[in-house]
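See below for the structure under consideration.
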Amino acid sequence: MIGRSAQLESIIGQVDAMCALAHARNVLFVTGEAGMGKTTLLRTLEERLSTRRGPGAPLVVSTECSTPLLGQDVGQVEALEPWAELLERILRHDGNPGSKKEMVKLLSSVAVAWCHCVPVVGGMIGSSIETAMLVKEHADEKEKAASPEQMFQQYINFLGKASEAHPLVLLLDDFHWADTSSTNLLFAAARHLAKKPVLFVIAYRPDDAASSRGGQGHPLLHVRNELGRYSLYSDVVVPKLTTADLGGLLRGRYANYQTNDAFERWLVERSGGNTLFITQYLNTLEEDGIISENTGELKARFDAVRVPNSASSVVEERIRRLDDDARELLRYASVEGATFTVGVLAALAETPKLRLLSTLRMIGEKHGVIKSLGKQRIYASESTTYQFTNVLMQRVLYESLEDEEREELHARVYRTIRDDQTQVGDTSSSVVGLAVRLAAHAATPEERHYAARLLLEAARASWTRCAEEETLGVLAALGDDLDGLEAARLVFNEPSEREVRELQGEAALLTGLVHKFRGRHALAIESFGVGATRFDAAGLPTRALEALMRRAFTYENARRYEEALAYSGETLTRAEAQGDRRVHAAMLNNIGLALAGLGRVEEALKHQHASLALREQDDDLVGQAVSLGSIGLALFSLGRNDEALAHHQRALALREELGDRVGQGYSLTNLANVLASSGRLDEALAFYRRSVEVRDSCGDVVRQTDSLEGEARLLARLGRPADAIERLEQALRLREALGDPRAEAAALVRLATLVLEQGDASRCRRLVQRAIALASEGATGDEARALLGRLPVETAAEPAPTNGGSTHAPAPGAAFSTATTPPPRHAAEPAEPLPWLVQAAIWVFDKVERR
Ligand SMILES: Nc1ncnc2c1ncn2[C@@H]1O[C@H](COP(=O)(O)OP(=O)(O)O)[C@@H](O)[C@H]1O
Ligand SMILES: [Mg+2]
């Protein structure tokens with residue numbers, strides 16, 4: 001490979017080390033500016049590795065992140081799409097049908113939440129009845145992930161298992177266009193799979209990454225730093241071509257090339273060693289007849305040719321030199337975006353697909369301005385896909401169109417995408433990209449209305465992936481679209497007010513859910529209020545009630561119990577009037593929770609029992625489990641432990657019947673807590689163990705660490721400190737991979753406390769210092785310093801870092817200790833997941849509020 005053999009060999013060396021499990025770093029960043037040859041390097045690597053056979057041969061799969069579309073960064077909102085594609089390719093690649101079935105089975109057992117992201121799973125339904133049944137069974141269950149961490153962990157569990165069959169090399173190109181969730185998943189996966197045969201090769205442009213997100217920088221840069229903390233990545237910089245490399249390139253290109261040192265030196269200097277510049281410029285010289293296509297002999301003085309002064313101007317120059325037909329075709333293509341499909345272009349140019357395919361291949365070969373990405377699913381169905389070799393090329397072509405041409409072409413793109421979608425039917429796995437692209441081409445009120453509905457569907461799909469930022473991104477696009485519709489409605493009376501209000505209501509409701517999940521209660525309450533108003537204006541009382549119910553839940557979550565009581569009561573009255581028993585039962589339970597929060601536990605129990613009775617009459621098993629859990633918690637707080645146990649047992653049985661593993665995790669820890677407080681420590685221990693296992697199996701990693709810590713606490717009380725320490729070490733490893741320094745610091749302090757009690761002051765000191773480095777502020781920092789203070793003075797080699805003027809007392813009961821019985825933990829219900837991240841946020845919020 002010209003000019004990159006050292007880089008190629010270095011990567012292959014790392015692949016070999018990974019296959020032999022002798023690698024220390026599992027992320028490889030391939031960097032270089034546009035046109036340096038990153039993609040070419042990745043493709044060559046893929047080709048080289050794909051010739052390997054045998055059980056030790058790695059499985060190599062690759063994907064690239066979506067190019068930006070005019071006015072809308074598609075990649076940024078297509079949450080986890082690159083990873084979903086890799087997953088699909090892993091499933092497809094496995095040639096052996098037997099193992100393919102195994103893979104799908106694996107996917108549906110450890111990564112159910114991903115089943116609906118991967119069309120191949122649906123596609124396999126035809127291939128084997130058994131697999132079809134299996135997938136259907138799990139897909140029907142719709143076990144949605146409850147948090148991004150769980151979504152990630154399921155993927156990680158899948159990769160871990162899949163890598164037992166063969167080592168995995170995952171190539172992700174153009175990562176400077178990746179969405180935030182994908183970037184976070186990279187971090188979590190790299191951390192968790194550090195000891196597994198999995199290698200991540202990530203190509204990106206450092207300059208684009210730095211200027212991304214409106215100049216704030218791509219989240220990749222942060223992840224890079226974090227990975228650096230654990231020495232997990234290495235860099236491969238794609239170098240500039242040297243004069244010697246260029247000689248090789250020219251000899252490869254021109255059969256009878258005669259070395260021309262002056263020319264080579266000049267070209268390397270002018271191009272900055274950029275391969276795109278060089279290859280494009282040689283094309284220009286050939287077309288102008290300045291260089292012979294056979295001997296590479298220069299027929300005129302090369303420096304007499306007009307010389308572009310950058311890779312981008314060489315691009316513009318290329319476009320000027322396209323023949324009329326090719327330029328016209330590519331101008332049409334530019335309307336679709338930097339990536340375009342043969343399906344759409346055929347409709348735009350009114351050309352048969354077959355002819356178009358050969359024309360595009362020729363343009364690609366002759367001019368090098370576009371390159372094929374093979375068959376891809378950009379819209380509903382697959383189509384051969386091309387990409388401009390440079391985004392700039394598309395911009396220049398697009399700008400060269402007349403306004404009227406553009407309008408007509410956008411309308412055609414819109415119709416083609418829409419027709420395709422109508423024909424395919426099920427587009428659930430690709431709806432986000434489809435919606436965002438369709439919206440970019442919509443113009444008439446009718447088109448915008450359709451796009452708005454699809455955007456709503458896309459936002460929901462994004463939210464089932466627990467992708468917060470991307471969901472809000474799609475909702476923002478939907479908001480713009482709806483503003484446009486509102487204006488259209490006033491002018492054309494179309495679409496109807498009812499239709500617009502309904503969409504506004506749904507958008508507000510979903511916005512509220514996202515905010516609530518992240519603990520932004522005030523914003524959530526506001527959104528739910530707006531949602532209810534819009535639904536009422538649309539004449540949709542059932543939906544309005546849904547929004548009001550969510551608002552009442554949020555008040556309770558925010559511990560604004562008086563308001564929770566008032567709003568739940570109001571909503572309950574309305575639910576009764578509308579005959580909505582589901583909301584009625586939910587509000588009874590919510591009133592119970594609010595009353596319990598106010599210390600009125602007896603009254604709370606009355607409401608919760610009423611809620612349970614309603615839910616039993618209606619055969620609402622999910623609801624019953626929730627009511628039973630709340631009753632159990634209330635009874636526990638009254639010290640009626642036996643009754644509490646009975647209720648949690650019933651909740652657990654229901655959740656087992658429902659296959660709800662996240663819910664089972666809650667019931668199991670609730671049972672363990674009650675048993676522990678009744679002094680039945682061995683039984684409690686067994687329940688903690690089961691909760692660790694069930695949370696592990698569904699990737700509920702945040703709560704798994706809670707369970708591990710609970711287990712450790714109990715082991716310490718049982719006089720088994722070594723086992724306790726081992727559990728805390730496991731929990732710490734999980735925390736490290738979650739990338740939250742505050743939570744990691746807290747885990748370190750817990751471990752340090754126990755280690756100190758075992759008399760190992762020097763290990764304690766190391767752990768505490770790590771904790772302080774991660775979180776010197778706040779309660780954890782205070783605890784850490786208090787712990788340092790307890791260490792024997794003579795071993796104090798270094799002074800403890802101080803926290804400028806902090807006067808907080810150590811938080812009581814927060815430290816891990818064998819001496820104190822932990823206060824009963826009021827586990828939240830699974831319908832209202834409150835991960836540690838949120839708890840941390842609430843903590844900070846409280847602190848600021850109280851100031
Ligand atoms: N080692 C190489 N030898 C010859 N041509 C190359 C080499 N690497 C890249 N090219 C050419 O340079 C152009 C840009 O390469 P590409 O891999 O797409 O760059 P990047 O992905 O870094 O933007 C392509 O036309 C490619 O064919
Ligand atoms: Mg590239």
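The values are calculated or read from the model by the stated rules, or taken from the named source; none is laboratory data. None of the values given here were measured: they were computed from a predicted structure. Quick reminder, even Gly has a Cβ in these numbers, built from the backbone with ideal geometry, and neighbours come from all protein chains shown.
Take the conditions among the acidic types (Asp, Glu), crowded, with 19+ Cβ neighbours inside 10 Å and modelled with pLDDT of 95 or more and apply them to Glu711. Does it pass?
yes
Take the residues in the range 16-27 that are touching a Leu at 6+ places or on another chain (Cβ under 6 Å) and either outside any helix (DSSP H, G or I) or β-branched (Val, Ile, Thr) (or both); name whichever of them is nearest to ligand 2 (Cβ to nearest atom). First the steps, then the outcome.
Within the range 16-27, the first condition is being touching a Leu at 6+ places or on another chain (Cβ under 6 Å), and the residues that meet it are 18, 25-27.
Retained after the next criterion (residues that are either outside any helix (DSSP H, G or I) or β-branched (Val, Ile, Thr) (or both)): 25-27.
Values: Arg25: 23, Asn26: 22, Val27: 18 Å.
Once the filter is applied, the top-ranked residue is Val27.
Condition test on Arg690, is it among the basic types (Lys, Arg) and surrounded by fewer than 24 Cβ atoms within 10 Å (Cβ to Cβ)? Quick ask: steps written out before the conclusion?
Values: among the basic types (Lys, Arg): yes; surrounded by fewer than 24 Cβ atoms within 10 Å (Cβ to Cβ): yes.
Judged against the criteria, Arg690 is a match.
Take the residues in the range 271-292 that are in a helix (DSSP H, G or I) and among the aliphatic types (A, V, I, L, M), then tell me which one is surrounded by the most Cβ atoms within 10 Å (Cβ to Cβ). So that I can check it myself, show each step before the final result.
Taking the range 271-292 as the starting set, the residues that turn out to be in a helix (DSSP H, G or I) are 271, 275-287.
Now drop any that are not among the aliphatic types (A, V, I, L, M), which leaves 276, 278, 282, 285.
On the way: Leu276: 21, Ile278: 23, Leu282: 21, Leu285: 20.
Step by step, filter the range 271-292, then rank; the result is Ile278.
So which of Leu715, Leu738 ends up being hydrophobic (A, V, I, L, M, F, W, C), touching a residue at least 60 places away in the same chain (Cβ under 8 Å) and in contact with an Asp or Glu (Cβ under 7 Å, 6 or more places away or on another chain)?
Numbers: Leu715 fails: touching a residue at least 60 places away in the same chain (Cβ under 8 Å).
None of the others qualify; the one that does is Leu738.
So which residues in the range 312-352 are surrounded by 22 or more Cβ atoms within 10 Å (Cβ to Cβ) and in contact with a strand residue (DSSP E or B) (Cβ under 6 Å, 6 or more places away or on another chain)?
Ala333, Gly337, Ala338, Thr339, Phe340, Thr341, Gly343
Return the total of residues in the range 156-203 being among the aliphatic types (A, V, I, L, M), within 16 Å of ligand 1 (Cβ to nearest atom) and assigned to a strand (DSSP E or B). Walk me through how you get there before you give the answer.
Initial filter on the range 156-203 (among the aliphatic types (A, V, I, L, M)): 156, 159, 162, 165, 168-172, 178, 185-186, 188-190, 193-194, 198-199, 201-203.
From what's left, within 16 Å of ligand 1 (Cβ to nearest atom): 171-172, 178, 201-203.
Adding the requirement that they be assigned to a strand (DSSP E or B) leaves 171-172, 201-203.
Qualifying residue count for the region: 5.
List every residue pair whose Cβ atoms lie under 8 Å apart, where the two residues are 6 or more positions apart in sequence or sit on different chains, the first residue falls within the range 348-361 and is within 17 Å of Ser334 (Cβ to Cβ) and touching a residue at least 40 places away in the same chain (Cβ under 8 Å), and the second residue, located anywhere, is surrounded by 10 or more Cβ atoms within 10 Å (Cβ to Cβ) and of a type outside the set (Val, Ile, Thr).
Cβ pairs passing all conditions: Leu348/Tyr332; Leu348/Ala333; Leu348/Glu336; Leu348/Leu409; Leu348/Arg412.
Any chance the range 370-380 includes a residue that's outside any helix (DSSP H, G or I), surrounded by fewer than 21 Cβ atoms within 10 Å (Cβ to Cβ), of a type outside the set (Ser, Thr, Tyr) and away from ligand 2 (no atom under 16 Å from the Cβ)? Even if it seems obvious, please write down each step before you answer.
Initial filter on the range 370-380 (outside any helix (DSSP H, G or I)): 370-380.
Then keep just the ones that are surrounded by fewer than 21 Cβ atoms within 10 Å (Cβ to Cβ); that gives 371-377.
Restricting the remaining residues to those that are of a type outside the set (Ser, Thr, Tyr) gives 371, 373-377.
Still in the list and also away from ligand 2 (no atom under 16 Å from the Cβ): 375, 377.
Scanning the range 370-380, I find at least one residue that is outside any helix (DSSP H, G or I), surrounded by fewer than 21 Cβ atoms within 10 Å (Cβ to Cβ), of a type outside the set (Ser, Thr, Tyr) and away from ligand 2 (no atom under 16 Å from the Cβ), so the answer is yes.
Test Leu221 against the stated conditions and say whether it is in contact (Cβ under 8 Å) with a residue 40 or more places away in the chain and either touching a strand residue (DSSP E or B) at 6+ places or on another chain (Cβ under 6 Å) or outside any strand (DSSP E or B) (or both).
Working: in contact (Cβ under 8 Å) with a residue 40 or more places away in the chain: no; either touching a strand residue (DSSP E or B) at 6+ places or on another chain (Cβ under 6 Å) or outside any strand (DSSP E or B) (or both): yes.
No.
Could you check the range 181-211 and list, in sequence order, the residues that are within 16 Å of ligand 2 (Cβ to nearest atom), crowded, with 21+ Cβ neighbours inside 10 Å and not aliphatic (A, V, I, L, M)?
Tyr204, Arg205
Within the range 224-245, which residues are over 18 Å from Glu736 (Cα atoms), out of contact with any helix residue (DSSP H, G or I) (no Cβ under 7 Å at 6 or more places or on another chain) and not in a loop (DSSP other than H, G, I, E, B)?
Hits for the range 224-245 are Ser234, Asp235, Val237, Ala244, Asp245.
What are the pairs with Cβ atoms under 7 angstrom where one residue, in the range 37-61, is within 13 Å of Met1 (Cβ to Cβ) and the other, located anywhere, is within 16 Å of ligand 2 (Cβ to nearest atom) and in a loop (DSSP other than H, G, I, E, B)? Sequence gap at least six, or different chains.
Every condition considered, the pairs that remain are Gly37/Arg4; Gly37/Val238; Lys38/Gly32; Lys38/Val238; Leu41/Arg4; Leu41/Val238; Thr44/Met1.
Would it be correct to say that Pro97 is more than 16 Å from ligand 2 (Cβ to nearest atom) and either modelled with pLDDT of 85 or more or surrounded by fewer than 18 Cβ atoms within 10 Å (Cβ to Cβ) (or both)? Let's see the steps before the verdict.
Values: more than 16 Å from ligand 2 (Cβ to nearest atom): yes; either modelled with pLDDT of 85 or more or surrounded by fewer than 18 Cβ atoms within 10 Å (Cβ to Cβ) (or both): yes.
Here the answer is yes, as Pro97 does meet what is asked.
Considering Thr295, Thr259, which residue is surrounded by fewer than 21 Cβ atoms within 10 Å (Cβ to Cβ), outside any helix (DSSP H, G or I) and touching a residue at least 40 places away in the same chain (Cβ under 8 Å)?
Values: Thr259 fails: touching a residue at least 40 places away in the same chain (Cβ under 8 Å).
Exactly one of Thr295, Thr259 is surrounded by fewer than 21 Cβ atoms within 10 Å (Cβ to Cβ), outside any helix (DSSP H, G or I) and touching a residue at least 40 places away in the same chain (Cβ under 8 Å), namely Thr295.
Test Val601 against the stated conditions and say whether it is under 32 Å from the mean Cα position of the chain (by Cα) and of a type in the set (Val, Ile, Thr). Before the answer, list the steps.
Details: under 32 Å from the mean Cα position of the chain (by Cα): no; of a type in the set (Val, Ile, Thr): yes.
In short, no.
Evaluate the range 28-47: report whether one residue or more is assigned to a helix (DSSP H, G or I) and closer than 30 Å to Val474 by Cα.
At the first step, the residues of the range 28-47 found to be assigned to a helix (DSSP H, G or I) are 38-47.
Right, trim to closer than 30 Å to Val474 by Cα and you get 39.
Yes, the range 28-47 contains a residue that is assigned to a helix (DSSP H, G or I) and closer than 30 Å to Val474 by Cα.
Taking the range 227-239 as the region of interest, how many residues are crowded, with 18+ Cβ neighbours inside 10 Å and more than 16 Å from ligand 2 (Cβ to nearest atom)?
Of the residues in the range 227-239, the ones crowded, with 18+ Cβ neighbours inside 10 Å are 227, 232-233, 236, 238.
Keeping just the survivors that are more than 16 Å from ligand 2 (Cβ to nearest atom) gives 227, 232-233.
Total meeting the criteria: 3.
Considering (1) farther than 30 Å from Leu456 by Cβ; (2) more than 16 Å from ligand 1 (Cβ to nearest atom); (3) not in a strand (DSSP E or B), say which one His410 fails and leave the rest.
(1)
Just to be sure, is Ala6 more than 16 Å from ligand 2 (Cβ to nearest atom) and either crowded, with 19+ Cβ neighbours inside 10 Å or in contact (Cβ under 8 Å) with a residue 12 or more places away in the chain (or both)? If you could, list the steps in order and put the result at the bottom.
Numbers: more than 16 Å from ligand 2 (Cβ to nearest atom): yes; either crowded, with 19+ Cβ neighbours inside 10 Å or in contact (Cβ under 8 Å) with a residue 12 or more places away in the chain (or both): no.
It is false that Ala6 is more than 16 Å from ligand 2 (Cβ to nearest atom) and either crowded, with 19+ Cβ neighbours inside 10 Å or in contact (Cβ under 8 Å) with a residue 12 or more places away in the chain (or both).
Which residue, of Leu70, Leu59, Leu87, is more than 16 Å from ligand 1 (Cβ to nearest atom), buried (at least 23 other Cβ atoms within 10 Å of the Cβ) and modelled with pLDDT under 95? Walk me through how you get there before you give the answer.
Values: Leu70 fails: buried (at least 23 other Cβ atoms within 10 Å of the Cβ); Leu59 fails: buried (at least 23 other Cβ atoms within 10 Å of the Cβ).
Step by step, each of Leu70, Leu59, Leu87 is checked, and only Leu87 is more than 16 Å from ligand 1 (Cβ to nearest atom), buried (at least 23 other Cβ atoms within 10 Å of the Cβ) and modelled with pLDDT under 95.
When you check Gln730 against the structure, is it surrounded by fewer than 23 Cβ atoms within 10 Å (Cβ to Cβ), in a helix (DSSP H, G or I) and under 33 Å from the mean Cα position of the chain (by Cα), yes or no? Talk me through it step by step, then tell me what you get.
Numbers: surrounded by fewer than 23 Cβ atoms within 10 Å (Cβ to Cβ): yes; in a helix (DSSP H, G or I): yes; under 33 Å from the mean Cα position of the chain (by Cα): yes.
For Gln730, the condition - surrounded by fewer than 23 Cβ atoms within 10 Å (Cβ to Cβ), in a helix (DSSP H, G or I) and under 33 Å from the mean Cα position of the chain (by Cα) - is met.
Hey, can you tell me all the residues within the range 11-56 that are under 28 Å from Lys240 (Cβ atoms), exposed (fewer than 15 other Cβ atoms within 10 Å of the Cβ) and either of a type in the set (Lys, Arg) or within 15 Å of ligand 1 (Cβ to nearest atom) (or both)?
Arg43, Glu47
Please give the number of the condition Gly639 fails out of (1) part of a loop (DSSP other than H, G, I, E, B); (2) touching a helix residue (DSSP H, G or I) at 6+ places or on another chain (Cβ under 6 Å).
(2)
Select, from Leu572, Leu635, Leu628, the only residue that is crowded, with 21+ Cβ neighbours inside 10 Å, under 19 Å from Ala653 (Cβ atoms) and under 38 Å from the mean Cα position of the chain (by Cα). It would help to see each step written out before you state the result.
On the way: Leu572 fails: under 19 Å from Ala653 (Cβ atoms); Leu635 fails: under 38 Å from the mean Cα position of the chain (by Cα).
Answer to the selection: Leu628.
Restricting to the range 676-714, what's the tally of residues that are more than 14 Å from Gln730 (Cα to Cα) and not basic (Lys, Arg)?
Residues that pass the stated criteria total 19.
Tally up the residues in the range 473-513 that are small (Gly, Ala, Ser) and within 24 Å of Val74 (Cβ to Cβ), please.
The initial filter retains those residues of the range 473-513 that are small (Gly, Ala, Ser), namely 473, 476-477, 479, 484, 487-488, 496, 505, 507-508, 512.
Next cut, within 24 Å of Val74 (Cβ to Cβ) only: 473, 476-477, 479, 484, 507.
Total meeting the criteria: 6.
Across the range 28-84, what is the total count of residues that are touching a strand residue (DSSP E or B) at 6+ places or on another chain (Cβ under 8 Å) and away from ligand 2 (no atom under 16 Å from the Cβ)?
Residues meeting the conditions: 6.
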